[in-house]
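Reading through the C-alpha cells given below for one structure.
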Amino acid sequence: MPTPSSRLSGPAERALLLLALLLPAIAGAAERETRLYPDRPIDFSLYFETASIDIDYGDRRVDTSIDRIGVIWRERFSERLQLGLFGGYAFLTQGNNPPTAGRELDGWHAGVSLDLDLLTTARLNVFASAAWVYQEMEEENNGELVNISWNEPSARFGVRARLGGPVHGYAGVRYARLNGEQRRRGGGTDETRELEETDSTGGFVGLELDLDSEGYVGISAESGFDRRVGLYFGRRF
C-alpha cells in the first residue's frame, strides 16, 4: 500500500497546516457534545460519480478518468457528529500513458468520513468534514499486469440551506491531495512510478431533494485537481 509523500510545497503545505489547526477544534467540539444518541440513527446512500484528473507522473501529466460506484453508511453519534464508512467499485482509463493505453483498469475503493455540524438553524447548516479514501485498480493483458493505487485525504467547509419546499442547496471550499504509485509487472518489465497531485484546493456545490420524510436524492459537482460530478440516493433510518 502506498504511503503519503513527504514532498509538500506552496498551497498544499498551507492547506495541510490549516487542516492540522482545524482538526483539533473539530475533535474538541465533538468531545464536548455529550448527549449521545442511544439508538445511533443511520444514513445509508448509494452513489455514482465520475472524475477527471490530470495526474503528475513527474515527467508529464496524464489525463485520467475515474468512475466510482459505491455505498456509504453513516451513523450519528450526537447532535453534531456523524462517522461513516464507504466503499465500492472503481474504474480507470487514461489517454496519454503507454502502459494503460487502450485498457480499462478496474478495482475497488474504501474509506472513512467524519461530518460535524458547526451551526444549525431551521433553514441553515454550517458544517465541516474530513475523509480518507484508498483506491486500487489493475488490469492484466498478455502476461503484463498494470496496477494503480493511491491515498486521497480531503477536508471540506461549507454551508447548506433550504431553498424552498423539499429542496436544499449546499456549497463550500475543499482540500484534497493524491499520493500513490503505478506498478507494471511481467513481460520482462518491472517498473514502479510515483504519482502525486498537489493542486489541492477547490470548491463544491450541490442540490438535494427530499423524497419523503426520510428519503432523498442529490447531485453534486466539485472543482480542484479532481473535477468531479456525482449522483446519489439515500435514506435515513
Any idea which of (1) surrounded by 14 or more Cβ atoms within 10 Å (Cβ to Cβ); (2) hydroxyl-bearing (Ser, Thr, Tyr); (3) more than 17 Å from the chain's Cα centre (by Cα) is the one residue 192 doesn't satisfy? (1)
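Restricting to region 140-152, and then to whatever is touching a helix residue (DSSP H, G or I) at 6+ places or on another chain (Cβ under 9 Å) and closer than 28 Å to residue 228 by Cβ, can you tell me which residue is surrounded by the most Cβ atoms within 10 Å (Cβ to Cβ)? Can you show your working first?
First, the residues of region 140-152 that are touching a helix residue (DSSP H, G or I) at 6+ places or on another chain (Cβ under 9 Å): 144, 146, 148.
If we keep only those that are closer than 28 Å to residue 228 by Cβ too, we end up with 146, 148.
Working: 146: 23, 148: 28.
The selected residue is 148.
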All conditions in (1) farther than 24 Å from residue 195 by Cα; (2) within 19 Å of the chain's Cα centre (by Cα) are true of residue 109 except (1)
Considering only residues that are within 24 Å of residue 173 (Cβ to Cβ), at pLDDT 90 or above and out of contact with any Lys or Arg (no Cβ under 8 Å at 6 or more places or on another chain), which ones fall in region 190-207? 205, 206, 207
Filter result for residue 188 (over 19 Å from residue 92 (Cα atoms) and either of a type in the set (Gly, Ala, Ser) or touching a residue at least 60 places away in the same chain (Cβ under 8 Å) (or both)): yes
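Within region 181-197, identify whether any single residue is in a strand (DSSP E or B), over 28 Å from residue 99 (Cα atoms), touching a Phe, Trp or Tyr at 6+ places or on another chain (Cβ under 9 Å) and of a type outside the set (A, V, I, L, M), and answer yes or no.
Within region 181-197, the subset in a strand (DSSP E or B) is 181-186, 189-197.
Subset that is over 28 Å from residue 99 (Cα atoms): none.
Scanning region 181-197 turns up no residue that is in a strand (DSSP E or B), over 28 Å from residue 99 (Cα atoms), touching a Phe, Trp or Tyr at 6+ places or on another chain (Cβ under 9 Å) and of a type outside the set (A, V, I, L, M).
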Between residues in region 91-106 that are closer than 21 Å to residue 49 by Cβ and residues that are modelled with pLDDT under 95 and assigned to a helix (DSSP H, G or I), which pairs lie under 7 Å by C-beta distance while being six or more apart or on different chains? 94/100
Note on region 84-104: residues closer than 16 Å to residue 193 by Cβ, among the hydrophobic types (A, V, I, L, M, F, W, C) and crowded, with 19+ Cβ neighbours inside 10 Å are 92
Failed condition for residue 198, given (1) crowded, with 17+ Cβ neighbours inside 10 Å; (2) touching a strand residue (DSSP E or B) at 6+ places or on another chain (Cβ under 6 Å); (3) over 20 Å from residue 46 (Cα atoms), with all others met? (2)
Tell me whether region 39-58 contains one or more residues that are buried (at least 19 other Cβ atoms within 10 Å of the Cβ), in a loop (DSSP other than H, G, I, E, B) and not small (Gly, Ala, Ser). no
Every residue from region 174-189 that is loosely packed, with under 15 Cβ neighbours inside 10 Å and either at pLDDT 95 or above or touching a strand residue (DSSP E or B) at 6+ places or on another chain (Cβ under 7 Å) (or both): 186, 187, 189
Across region 153-170, what is the total count of residues that are exposed (fewer than 14 other Cβ atoms within 10 Å of the Cβ) and either under 13 Å from residue 203 (Cβ atoms) or among the charged types (D, E, K, R) (or both)? 0
Report the residue count in region 211-227 for those that are in a strand (DSSP E or B), surrounded by 15 or more Cβ atoms within 10 Å (Cβ to Cβ) and modelled with pLDDT under 95. 1
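The values are calculated or read from the model by the stated rules, or taken from the named source; none is laboratory data. Source: prediction; values computed, not measured. Reconstructed Cβ throughout: ideal geometry from the backbone, glycine too, with neighbour counts over all protein chains shown.
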